[in-house]
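Step one of this worksheet: look at the structure below.
The values are calculated or read from the model by the stated rules, or taken from the named source; none is laboratory data. All values derive from a computational prediction rather than experimental measurement. Here Cβ is always computed from backbone atoms with ideal geometry, including for glycine, and neighbour counts include all displayed protein chains.
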Amino acid sequence: MEKSLQLRSKITKSGQLEVSLVEVDVPTPGPGEVLVRMEAAPINPSDMGPMLGPADITAARLQSTEGRQVLTAPVPEARLAGAATRLDKDLPVGNEGAGTVVAAGSDPEAQELIGRTVGLLSGRSYAQYCCVPVASCLVLNEGTTAAEAASCFVNPLTALGMVETMKLDKHTGLVHTVAASNLGQMLIRLCLADDVPLVNIVRKAEQVELLRGLGAKHVCDSSQGSFLDDLTDAVAETGATLAFDAVGGGRLVNDVLFAMERAAGRTLTGHSTYGSAVFKQAYIYGGLDLSPTILNRTYGMSWSIGAWLLPQFLQRIGFERTAELRQRVADEITTTFASKFTKVLSLEEAITPENIRLYVAKKTGEKYLINPNKGL
Ligand SMILES: NC(=O)c1ccc[n+]([C@@H]2O[C@H](COP(=O)([O-])OP(=O)(O)OC[C@H]3O[C@@H](n4cnc5c(N)ncnc54)[C@H](OP(=O)(O)O)[C@@H]3O)[C@@H](O)[C@H]2O)c1
């Protein structure tokens, strides 16, 4: 049986993270499956939890075991309980990626894909080969490269999901935090294309410039003393009553709801002890700041905060609408849903402490790509 490499992550009961390259059999596709030679898989914030867990990466080092490099890092005892369900399990990693179909099962729709570039969502994309059902592949238009298609699921469908959620829940505008992220930049292009009012929140002056360069109309910088006033003006102008926040910790969600309430108050006549009747919804969809969420509840009694996750949203809209959104992503993967990558790493390069420290910083414009077949 032909062998190939796959990246795996394990947290031991004794409190050690081990990220290693293991040799696995190249899978044989079943009737409705295809075998994809992986050529590009992004390292998204959502991949870092499964890959690195709550380990102390500042103390990470490479060890050589049986001729292979293994990254090890201690997991502080206080954080081990949070990893209880995965202890001593050797887990594949990598949510999404793209590559070329090199073998297929007997079903005609599988056979048709041989030689095509496809994107996939597999949970094991940091591997030389992925074997997946045809239905889980996004078939890219001719001429699209694997690197262009690497991020064709998580961020594009989330950007589309935000706009869809807005429409389904009868809101008419959006507030988005961490707006300079890869996803944030996609959302700006999407909202411009679809004429959706969007208020972008960033935390640095240079990010304001970046987003204005993309055509963003409303960009509020949370590092400025005028932030709350700027945000209130932008919310009043756009009528945005739905927010998506990837920070999670601290006061940002609180500030957004407060600005929405102040904006609503501008058109309020009379006084109500319970604030305006305008319903304000904030979804926390990321955890870039792991500190507690601070809420002072100074925005009346017509608000809600919840969590938002792509798979749950796709379940909500169902198979047919998901297929339509996926087709739009395929058609606009080099425009609306384009991603930029700082550097392409091999599987081995992806687990050096130096590279890990670079990509866990999750800095604006510094997204890394793994080519699992680089150098092999
Ligand atoms: N819920 C879902 O289904 C779902 C789906 C897709 C993505 N997401 C989330 O969406 C977010 C963006 O993903 P991405 O791939 O677009 O990220 P990305 O391109 O890697 O960008 C990360 C961004 O986060 C900012 N950032 C990092 N730490 C921060 C902090 N503590 N406070 C505020 N900003 C911080 C960075 O800005 P600086 O340069 O200023 O550090 C950068 O702009 C992630 O949190 C991801 O988990 C969630």
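A few points about this structure:
- Matching option when the condition is more than 27 Å from Tyr126 (Cα to Cα) and of a type in the set (Phe, Trp, Tyr), among Trp308, Trp303: Trp303
- Of all residues in region 114-127, exactly one satisfies the criterion of being farther than 22 Å from Leu157 by Cα and surrounded by 21 or more Cβ atoms within 10 Å (Cβ to Cβ), namely Ala127.
- Test: residue in region 287-301 that is touching a Phe, Trp or Tyr at 6+ places or on another chain (Cβ under 8 Å), within 14 Å of the ligand (Cβ to nearest atom) and under 27 Å from Gly82 (Cα atoms): no
- Test: residue in region 63-83 that is without any contact (Cβ under 8 Å) to a residue 40 or more places away in the chain, of a type outside the set (Gly, Ala, Ser) and surrounded by 14 or more Cβ atoms within 10 Å (Cβ to Cβ): yes
- Screening the candidates Asn296, Asn373 for the property of being assigned to a loop (DSSP other than H, G, I, E, B) and under 17 Å from Asn254 (Cβ atoms) yields one hit, Asn296.
- Failed item in (1) within 15 Å of the chain's Cα centre (by Cα); (2) in contact (Cβ under 8 Å) with a residue 40 or more places away in the chain, with Glu348 passing the rest: (1)
- Tally of residues being away from the ligand (no atom under 14 Å from the Cβ) and hydroxyl-bearing (Ser, Thr, Tyr) across region 336-376: 3
- Matching option when the condition is touching a Gly at 6+ places or on another chain (Cβ under 7 Å), closer than 22 Å to Met166 by Cα and within 16 Å of the ligand (Cβ to nearest atom), among Ala216, Ala246: Ala246
- Residues in region 12-59 that are in a loop (DSSP other than H, G, I, E, B), closer than 21 Å to Ala84 by Cα, touching a residue at least 40 places away in the same chain (Cβ under 8 Å) and over 24 Å from the mean Cα position of the chain (by Cα): Thr12, Lys13, Gly15.
- Considered as a group, the residues in region 86-107 that are outside any helix (DSSP H, G or I), charged (D, E, K, R) and under 28 Å from the mean Cα position of the chain (by Cα) include one that is surrounded by the fewest Cβ atoms within 10 Å (Cβ to Cβ), and that residue is Asp88.
- The single condition from (1) outside the structural domain of Gly306 (by TED's automatic domain parsing); (2) closer than 28 Å to Gly49 by Cα that Ile114 fails is (2).
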